């Protein structure tokens, strides 16, 4: 450590800046591995934030909860009904007990958001669309299903073929418990092959139509056929 | 040293100026600033659902974001190739070198010295003060991290195997840190009276000599001779500016081709 000398400032001192630069880059790159875990425990602190801010910080297990019309809809088991109508032979409503009386399906799938985050190995339980539709009878003219959320005006649709994917379901359990309010209680659409915006939460009405139509985000420029790895600019 | 010859004050009308940034350094800075502004703007809209719903054109925003990213990286590569590399190397060397005064400036004056108000102003600084050095080092590291995490996001859209748990936290975290730093940087260059005169240096290359002597006394600043209007300044900036303009042109064309092919 030389004493301050009357020399140009670049002639003395040590290039600690280069080490700092490499250190920051190294820590940053390594965070690709531990960043997910770190944000998980940081999220406990974020629950104290106002809900508008919470949507931009990661949730408890890597989820980010978006809302287009806060607050989240509330689920009242005594009054909740799921309406299934449109191009069906027997339009009807389901209580949660009636929905759960249909054949139950279980799956563990990864959830991918179009903005780049993913949650691996989410366990879902619910009803396959083949079973749900069998309970109402599909008319020959039907080609698509529209899902309306209790969080208006959120809607989206799938073709019947997309809805019959082996891993698509109307889920009422997530990670071995009832779906929580923020994840769409009591029932939500799960389409693992597509980005999360197709997974309508707080589903309140299912309408069979001739053709699929643009959902909430699709009206805002997102792809209707939102396959992970093959849509939205890819 | 500038401070030794300071008292000589020749012309009253024209304030003495010293040269702080050449055209290449300024181009480097403004490319970085423009890239950050465009990418933060489009990124925040895509990232905040409330804004996404209102602006509601993700494909366009994404195209702008990616185009800006490619342009930015290309320009950061091309400008040093065609510009004044010696000046850039000198700046980098000065920015990454911390002497005893810099360490005192950053870490405190030490036990045996008085802190008191304005203690930092009494620690002599070179062409860049310690905070400017630290800021540019952190920004340079953030730039690398933005690129790494951004490329992973781009790949993750094509193959979910590239979706690492930390990619989004890293891209977001870098954004938050950079936003805070840039907010402070803009405040110091536009609002804060003692540091505001530095803005002229990034716009024209020259800063007030008295300000430089007061705030950067260890800097052996080359004088910017008060030129006959137009002549000297043009001569000084032309050799540096032409390659920069050429670089931007080449980068823009290259990127437009890339973007048209990719998107």
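No value in this document is a laboratory result; all are computed from the given coordinates. Being a predicted model, the structure only gives us computed values, none of them experimental. Neighbour counts are summed over all protein chains in view; Cβ atoms, including those assigned to glycine, are modelled from backbone coordinates with ideal geometry.
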ask   = Normalised by the residues of chain A, what does the relative contact order come to in percent, with Cα pairs under 8 Å and at least six apart?
value = 18 percent
Least to most buried among A:182, B:206 (fewest other Cβ within 10 Å first) = A:182, B:206
ask   = Assuming R0 = 35 Å, what is the FRET efficiency of residue B:176 and residue A:14, from their Cβ-Cβ distance, to the nearest 0.05?
value = 0.70
request  = May I ask for the Rg/Rh ratio of region B:32-133, computed from Cα atoms with Rh as the Kirkwood radius, given to two decimals?
outcome  = 1.20
Length released on extending from residue B:210 to residue B:162, taking residue separation times 0.36 nm less the Cα-Cα span = 11.9 nm
remark   = Short to long, in 5 Å steps from zero, the percent of alpha-carbon pairs of chain A per bin is 1, 6, 12, 16, 16, 14, 9, 6, 4, 3, 3, 2, 2, 2, 1, 1, 1, 0, 0
key: Label-to-label distance, nm, for residues given as residue A:76 and residue B:119 (7 Å Cα→Cβ offset)   = 6.4 nm
request  = Based on other C-beta atoms within 10 Å, arrange B:70, B:180 from fewest to most.
outcome  = B:180, B:70
ask   = Quick one: helix A:16-46 against the long Cα principal axis of chain A, what's the angle to the nearest 10°, folded into 0 to 90?
value = 30 degrees
request  = Output the relative contact order of region A:82-220, whole-number percent, from Cα pairs under 8 angstrom with separation of 6+ residues.
outcome  = 30 percent
key: Dimensionless Rg ratio for region A:82-220, taking C-alpha atoms and the 2.2 N^0.38 Å reference   = 0.96
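Got a sec? How would A:123, A:112, A:176, B:65 order by Cβ neighbour count within 10 Å, fewest to most? Write down the numbers at each step before the final one.
Values: A:123 14, A:112 23, A:176 9, B:65 19.
Least crowded to most crowded, the residues run A:176, A:123, B:65, A:112.
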